Amino acid sequence: MAAHNNACPALTFSGPWVDRPGRYVYLETLGGGAGASAEQDGMSAIHVHITNTMNLPAEALENEYSLLVEEYGIVQDSGGPGKMRGGLGIARQIRALRDGTIFSVRSDGHVIAAQGLAGGGPGATAKLYKNPGRPDAQMLHSKAANVVLAAGESIRLETPGGGGFGPPSERSLEALAKDLRDDMVSLEKARTDYGTDRIDQALAL
């Protein structure tokens, strides 16, 4: 089996309650991509070394805290290419709704990627942003503490993907076509990793 994301990032937000005095503390750990094996693709958006962790639904989070979940999904192109593709990481983007919201994080996998096996490629590394998509956007370090957010500011964490297994040239056209239909892989990266001719054949299926 290729390498997993091998990370257990922990996000912490603290801020004023919406409807009562005092402050809340919200903590969550996020999964990532599992490594592919000789027989199947790696699982996406999964914890691989721990159990009994929190996966708070967006609706519950927004009902309880002065936070808004702007995105909760998988990270396109984060799984390592191969005959069997690595699992994809998670994107979690949260906006503060009140001034004075404090953010801290302990994350890994931002420098060293999950390696592929038997010719498979590595998964993508983790990324952490403040205010993504805005003129004042900035990338944060993997370990950050006491980042004070104003109302409307956002934090985005993209967790690492898993490594691929086997040469990308041996991935079936059917699997490539499904990856493209499901937005697991972008057309541009698919052409780079698997070859333009094979992707054109997959698109014709």
Where Asp182 falls short, out of the listed (1) out of contact with any helix residue (DSSP H, G or I) (no Cβ under 9 Å at 6 or more places or on another chain); (2) surrounded by 17 or more Cβ atoms within 10 Å (Cβ to Cβ); (3) closer than 26 Å to Leu128 by Cβ: (2)
Residue ID - nearest to the chain's Cα centre (by Cα), chosen from residues in region 115-127 that are more than 25 Å from Leu27 (Cα to Cα) and buried (at least 20 other Cβ atoms within 10 Å of the Cβ): Gly123
Test: residue in region 133-140 that is farther than 22 Å from Gly109 by Cβ, more than 14 Å from the chain's Cα centre (by Cα) and of a type in the set (A, V, I, L, M): no
Conditions (1) more than 16 Å from Thr159 (Cα to Cα); (2) of a type in the set (D, E, K, R); (3) open to solvent by 20 Å² or more (accessible area, probe 1.4 Å): number failed by Arg85: (3)
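The values are calculated or read from the model by the stated rules, or taken from the named source; none is laboratory data. Predicted, not measured: the structure shown is a model, and the values here were computed from it. Counting neighbours? That spans all protein chains shown, and the Cβs are built from the backbone with ideal geometry, glycine included. Heads up: the accessible areas ignore ligands, DNA and RNA and are worked out on the full protein's heavy atoms, side chains in. Shrake-Rupley method; radii C 1.70, N 1.55, O 1.52, S 1.80 Å.
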